[in-house]
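Report on the following structure.
Bear in mind that the values in this text are calculations on the coordinates, not laboratory data. In this text, all values refer to a predicted model and were calculated from it rather than measured experimentally. Every residue, glycine among them, receives a Cβ derived from its backbone with ideal geometry; neighbour counts consider all protein chains shown.
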Amino acid sequence: MDFSWLSDPAYLGYLWEGFVNTLILVGLSGVCGFTLAVLVALAQVAGPKPLAWLSRGFTTVIRGTPLLVQLFFFYDGVGRLLPGIEGVQDSMLWPVLRDAFFYGALAFTISVGAYAGEVMRGAMASVPRGELEAAEAFGFGRVQILLRVWLPRAIQICLPTLTGEMILLLKSVPLVSTIAVMDLLQAANVVRNETFLVYEPLLLIAGIYVALTLVLTIVMRGVERSFPGVQPYRRILIPGRI
Amino acid sequence: MQGYGDASLWDWSGALLNGAVVTLEIALAAYAIGLLLGLLGAIAKLSRVPPLQALATAYSTLIRAVPELLLIIILYYAGQTALNNLMRALDVSGAVEISGFAAAIAVLALVQGAYMTEVFRGAIVAIPRGQIEAADAFGFSRWKRFRHIIAPAMLPNALPGLSNLWLILVKDTALVSVVGFEELFFTAQQAAASTRNYFLFYAAAGALYLVMTLGSNAIFQRAERHVRRGQIQA
């Protein structure tokens, strides 16, 4: 095992950049994805029929196809069609739309939206109707019922499962190395190409991922504890998915 | 442009279907080996032999904490090096190219086995103790107890997890394209690159995966009805 390359600031720079990008991807797609998930769930439990079908179809397609394929579909498939559309290249969004990082965040957001949306749908459907009726009887408006009763109760029911979804999101981040985003795996790939070391860089980032998984679990456990009325989940890791 | 695109999809349809068959083949083989690994892992974890327990726990915990893509890349190279070293030790001249097919199956099976260990462990623990004690009281041998009591009693508990893992596996097979193995997604990437019609071919690959996952979903639903026959339906 040769880890002498770790003293090279250039390689440390790549690793740091990969580490930061990984955290940004998880944070950004986690927040945006959860917002999407709430909308997807809401469309199915309370939306009009066509909207419910649309959201059902979205969930089925995203959950039924590999994330890697979705990533390439957005990046290469949709991304290459964009310059052909009149005015896209002149728009202010173009620097973002040209960036592989954006497609990574987009694919993860959509993925979290579908998987967490399915979790939220189940949780929202299992909030006792009487509680919503009670809120109505107290004169709550529809938005108020949603924000102050329905969503908090649903999150209370499924928060441990959402923790699992966050860990799965973290574990999908290395996929973006395939579209040349500088994440931890891409940093390891750069080191491998330049030092001809096969295992050391990969094992190092595997160790970082084990640590990150552990930290994320502890952080989410804290969130679960601070959220009133949640039964903390016993298992640390739940099955993976791509 | 669109007409050209359609013609190219037709030209590549044979290759894509071929890729889908390869994907199903490696998924089925990896699933079968994964089932075996998972069963062994669960038995080791539930055994009263500390070293076995520790080994199985380390296996299932470490594998599940590392991203699948990273694992596949590490195991793929590790397998290749190990095989080359073995061949050198046995004095077979020259480096052997490890068969991509075998490597893809081995790597996916090892990952599946870790998750299956947890599924089987949970399913076995959920069997009421009395049923196992009853088998012992009747003088069943260990094998008979497993074959006639534990296996049929745990299957209804394990099947939802197993079906979930199969769906994950079908989607995980796309990851072996990253190490250059020619399955469905690798073929789609080649088709997309050579026709420049990325949108069409990635959508087509996605559709084929969707057919596979939806199809297997239907099969697993039937299987679940079958193993739950005789149980009181809620």
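What's the center-to-center distance, using Cα atoms, between region B:48-66 and region B:177-234 in Å? Centre-to-centre (Cα) distance: 31 Å. Sparse packing (at most 10 other Cβ atoms within 10 Å of the Cβ) combined with a DSSP loop state is found for the following chymotrypsin sites (Phe, Trp or Tyr not before Pro) in region A:145-209: A:Phe196.
The angle between the Cα long axis of helix B:184-195 and the longest principal axis of the Cα atoms of chain B comes to about 10 degrees, rounded to the nearest 10. Restricting region B:32-120 to GluC sites (Glu not before Pro) that sit in a DSSP loop and have at most 14 other Cβ atoms within 10 Å of their own Cβ leaves B:Glu97. Using only Cα atoms, find the angle between the long axis of helix B:100-125 and the longest principal axis of chain B, and express it within 0 to 90 degrees, rounded to the nearest 10. Tilt of helix B:100-125: around 30 degrees. With neighbour counts taken as other beta-carbon atoms within 10 Å, the residues B:Phe185, A:Phe58 rank, fewest first, as A:Phe58, B:Phe185. Each residue of region B:213-227 is assigned a 3J(HN,Hα), and the resulting list reads 5, 5, x, 5, 4, 4, 5, 5, 5, 5, 4, 5, 4, 5, 6 Hz, derived from the Karplus form 6.51 cos²θ - 1.76 cosθ + 1.60 (θ = phi - 60°), x at Gly and Pro.
Would you please name the GluC sites (Glu not before Pro) within region A:66-153 that are DSSP coil residues with at most 14 other C-beta atoms within 10 Å of their C-beta?
Values: sites: A:Glu86, A:Glu118, A:Glu131, A:Glu133, A:Glu136; in loops: A:Glu86.
Passing both the DSSP loop test and the Cβ count: A:Glu86.
Each Cα pair under 8 Å and six or more residues apart adds its sequence gap; the mean of these over the residue count of chain B is a relative contact order of 29 percent.
Relative contact order for region A:4-226: 30 percent, from Cα pairs under 8 Å spaced at least 6 residues apart, divided by residue count. Close amide H partners of A:Val198, meaning residues 5 or more places away or on another chain with modelled amide H under 5 Å apart, do not exist here.
Within 10 Å of each Cβ of B:208-221, how many other protein chain Cβ atoms are there on average?
On the way: counts 2, 6, 7, 1, 2, 6, 3, 0, 1, 2, 0, 0, 0, 0.
Mean partner-chain Cβ count within 10 Å for B:208-221: 2.
Which of the DSSP-defined H helices in chain A satisfy a minimum axial length of 30 Å, computed from C-alpha atoms, and a minimum mean Kyte-Doolittle hydropathy of -0.5? Once both thresholds are applied, what remains is A:9-45, A:100-125, A:200-226. The calculated Kirkwood hydrodynamic radius for the protein assembly as shown is 24.5 Å, given to one decimal from all distinct C-alpha pairs. Remark: A:Cys158, A:Cys32 ranked as A:Cys32, A:Cys158, counting other beta-carbon atoms within 10 Å and listing the fewest first.
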